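So the structure is just underneath, and the comments pick up after that.
Bear in mind that the values in this text are calculations on the coordinates, not laboratory data. Bear in mind the structure is a predicted one, so any value in this text is a computation, not a measurement. All Cβ positions, glycine included, derive from the backbone under ideal geometry; neighbour counts span all protein chains shown.
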Amino acid sequence: MKKLNSIQFYGMPLPIYAFFAIIVLACAYFNIIPNQMIGAVAVLFAFGILIGEIGERLPIWNKFLGGGAMLCFLAAGLLKYFNLLPECVTNVSDGWINGYSFLNVFITFLVVGSLLGIDRDVLIKSGSLYIPTLLCSLLGACVFGVVAGLIFGNDPLYLITSYVLPIMGGGMGAGGGAGIAATQQQPQNAPPFAVPQSIKINAGNIITPAAVQQQQPPQPQQPPIAQAPTPTNTPVQPDALSALTKMSDDQLTGLLRQAKAAQIPNHLNDAPDITQKFAFVAGVNEKPTVLDDASFDQYLKDNHIPRRDILARSVNPITFKAGSVTFTYTAKDVTDMLKYSSLNYIGGKHGGQVYGAGTYFDKTGGRSTGYGNGTTSATAIAVLNPQTAHPISLNTLRSRIPTFQRSHPKFAQALGRADSDNYSIYAMAMGYNVITSDVNGYHNIIDRKALVYRASDN
């Protein structure tokens, strides 16, 4: 026993480490590690210490190849690439950076710790030179940003708040991504008229494009005005994502070809988009849960959802012309369509779709996202449903797409490049219905079934 106690793992006796590590590894085996900060700490404890110690003790590696730290990077990447880690481990690993915002905490500790370690006189002297430089840089960025924006006809205030300040505040990686993503959050609105169609989807019986053409009635010169999608013209496949994950390469390819040939109800379908069509023919049209205000607050308590995790989407009233008829919808009409319409709306086409096509929300804690006009706008309030939401971060999705392409080569070839136009289709095919940002609170809601809405808007 004394000999075992003499073996230290990062200053911890081996028996103590082994006791707790075995518990964590058992929880990982049974896939019961909680997707919370405590779960992430446990994973780091069990896997990080073990791999780190191996790296520090390996001959040659410990002296010339980076030691424990480099082996942790390499081993973690290989374990995830070959899917050797349980899903609960990969989830908390993603959440450590993306969901729990540990990177922000780490940077804060790093900056504050560095400042506290600097000699006071040196800090004052350097600060007197740095602060004027910083202010001049900020002013210059604002001036050049506004001038560039005016050339292209953009609002100066919008440029400063959505681009200049985020970039200056977080660097080109964090700030730039936030500024670019901000353009997607603007309401994606268009005529809610429909072309009736009845298409039945079954995971094991894919309808061919030819069969789809036979089912479609003759298309009128002008679609029926103000005919919203209904259960009779909008297919619904219960547990559609689960059905997609069970499809073979040939079945997914057939479904994709069917989607490309389909005519779908045009309900807030503001631009032609293959993701909208794919979701439609796959039956990803189940409605979200909508709760009154009191029930919504109770839902947060019952599911231990902090208010900071509340999502918001701000929209404005819309006016559009369909044929010779002009329609006007209030902002509430638009948010009601998101909650109650038979058609799952896929947005993100006009403002950009960095995180794939979908309906973009921002994690604001229930406040307006800033994209409404403030007077006649409305902000839809929702949270992820723990039972139906299957989120994945964009970076994780990108890392998993090559493996999926190798196992589904026909589907990958038919779909084309794995870029922002197709991220959401890949996510659905892999069983995910929410794509989260790696740098901010943006959530791309592909399937509104993943949400629990509050009935009233802000």
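If the limit is 30 Å between Cα atoms, which of Lys332/Lys449; Lys125/Lys363; Lys260/Lys339 go over it? It would help to have the intermediate numbers written out before the result.
On the way: Lys332/Lys449 20 Å; Lys125/Lys363 40 Å; Lys260/Lys339 26 Å.
In this structure, Lys125/Lys363 exceed 30 Å between Cα atoms.
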Cβ under 13 Å from Leu50's Cβ, Leu50 left aside: what net charge do those residues give with Lys, Arg +1 and Asp, Glu -1? -1
Report the one residue of Ala40, Pro59, Phe20 whose Cα lies farthest in the direction of the positive end of the charge dipole of segment 2-108 (charges on C-beta: Lys and Arg +1, Asp and Glu -1; origin at the Cα centre). Pro59
Dipole magnitude (debye, nearest 20) for segment 2-108, charges at Cβ of Lys, Arg, Asp, Glu: 360 debye
Testing the spin-label approximation: label points 7 Å from Cα along Cα→Cβ at Leu139 and Leu58. State their distance in nm. 5.4 nm
If one computes the Cα centroid of segment 431-454 and of segment 1-72, what distance in Å separates the two points? 33 Å
Proximal aspartates and glutamates relative to Lys277, as straight alpha-carbon distance under 16 Å, when same-chain residues fewer than 8 apart are discounted: Glu286, Asp421, Asp447
Starting from the 7 Å offset along Cα-to-Cβ, what nm value, one decimal, do you get for the label separation of Phe20 and Lys332? 5.4 nm
Spin-label model distance (nm) - Arg398 vs Lys301, 7 Å beyond Cα toward Cβ: 4.2 nm
Does segment 69-151 come out rounded, prolate or oblate by the C-alpha gyration tensor, with a ≥ b ≥ c the root eigenvalues, rounded set by a/c under 1.5 and, if not, prolate when a/b is larger than b/c and oblate if not? oblate
Figure the gain on full extension for Asp309 and Ile131 (residue separation times 0.36 nm, minus the Cα-Cα span) and round it to one decimal in nm. 60.6 nm
